[in-house]
1. Got a number for residues in segment 36-84 being at positive phi and touching a strand residue (DSSP E or B) at 6+ places or on another chain (Cβ under 9 Å)?
2. Evaluate the following for Lys65: is it touching a Ser or Thr at 6+ places or on another chain (Cβ under 6 Å), without any contact (Cβ under 8 Å) to a residue 40 or more places away in the chain, in a helix (DSSP H, G or I) and within 22 Å of Gln8 (Cα to Cα)?
3. Please go through segment 126-150 and give me each residue that is open to solvent by less than 100 Å² (accessible area, probe 1.4 Å) and of a type outside the set (Val, Ile, Thr), ordered by number.
4. Tell me which residues, restricted to segment 62-98, are under 19 Å from Glu5 (Cβ atoms) and surrounded by fewer than 17 Cβ atoms within 10 Å (Cβ to Cβ).
5. Considering (1) within 17 Å of Phe26 (Cα to Cα); (2) assigned to a loop (DSSP other than H, G, I, E, B), say which one Glu105 fails and leave the rest.
6. Checking Phe116 against (1) open to solvent by less than 100 Å² (accessible area, probe 1.4 Å); (2) in a loop (DSSP other than H, G, I, E, B); (3) of a type outside the set (S, T, N, Q); (4) without any contact (Cβ under 8 Å) to a residue 24 or more places away in the chain, which single condition isn't satisfied?
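The values are calculated or read from the model by the stated rules, or taken from the named source; none is laboratory data. Remember, predicted model here, so these are calculated numbers, not experimental data. Positions of Cβ are generated from backbone atoms using ideal geometry, with glycine treated the same way; all protein chains shown enter the neighbour counts. Accessible surface is based on the protein model in full, side chains and every heavy atom, while ligands, DNA and RNA are left aside. Shrake-Rupley method; radii C 1.70, N 1.55, O 1.52, S 1.80 Å.
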Amino acid sequence: MNNLEIMQLGIEEARKTMKQDIGGPFGAVVVKDGEVVAVSSNHVLANNDPTAHAEVMAIRKACEKLGTHDLSGCEIYATGYPCPMCLSAIIWANIKKVYVCGMPEDAEKIGFRDDFIYRFIQDNMQDKDVLAIEELGSEPACELYDEYASLNKVIY
């Protein structure tokens, strides 16, 4: 399959589920070694889950299918430019290549908005109208982290 044929799988899945009111017009496909591993779409409405974006859902499916949290060697195709959450999920999954066919301004034209999150991050997360972050000190967390490290647990 070529890149456009793979992207078409995401588009078809998004079209199907958006018509069923499962989520928005977003689909994603995870591919490894030229083989489709997972196809999914946005499930925010069906799952009542604001994190159920197409890329996250496809990553979850791919991880389950491959039996790993590490998708090194995989690529992802997304019908929209990944939002900050999805970009982070893609990076955490060790996916190094993303193919997109829709840009943020295209989704913004129909009411989807990621721009304020990008601005919040670019402005060092200082806009308390978006999110107020209050630091309570690191001692309790450091105790927990030290305990984890002492147990020789997996670092991912």
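1. Within segment 36-84, the first condition is being at positive phi, and the residues that meet it are 48, 67, 73.
Checking which are touching a strand residue (DSSP E or B) at 6+ places or on another chain (Cβ under 9 Å) leaves us with 73.
So the answer is 1.
2. Values: touching a Ser or Thr at 6+ places or on another chain (Cβ under 6 Å): no; without any contact (Cβ under 8 Å) to a residue 40 or more places away in the chain: yes; in a helix (DSSP H, G or I): yes; within 22 Å of Gln8 (Cα to Cα): yes.
When the stated conditions are applied, Lys65 does not pass them.
3. Asp127, Leu131, Ala132, Gly137, Ser138, Pro140, Ala141, Cys142, Tyr148, Ala149, Ser150 - these are the residues of segment 126-150 that are open to solvent by less than 100 Å² (accessible area, probe 1.4 Å) and of a type outside the set (Val, Ile, Thr).
4. At the first step, the residues of segment 62-98 found to be under 19 Å from Glu5 (Cβ atoms) are 62, 74-80, 97-98.
Of everything in segment 62-98, just one residue is under 19 Å from Glu5 (Cβ atoms) and surrounded by fewer than 17 Cβ atoms within 10 Å (Cβ to Cβ), namely Lys97.
5. (2)
6. Only one criterion is unmet by Phe116, namely (2).
Okay, residues lined up against (1) within 16 Å of Gly102 (Cα to Cα); (2) assigned to a helix (DSSP H, G or I); (3) not β-branched (Val, Ile, Thr):
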position	(1), (2), (3)
Ile11	yes, yes, no
Arg15	yes, yes, yes
Asp21	no, no, yes
Val31	no, no, no
Val39	no, no, no
Glu55	yes, yes, yes
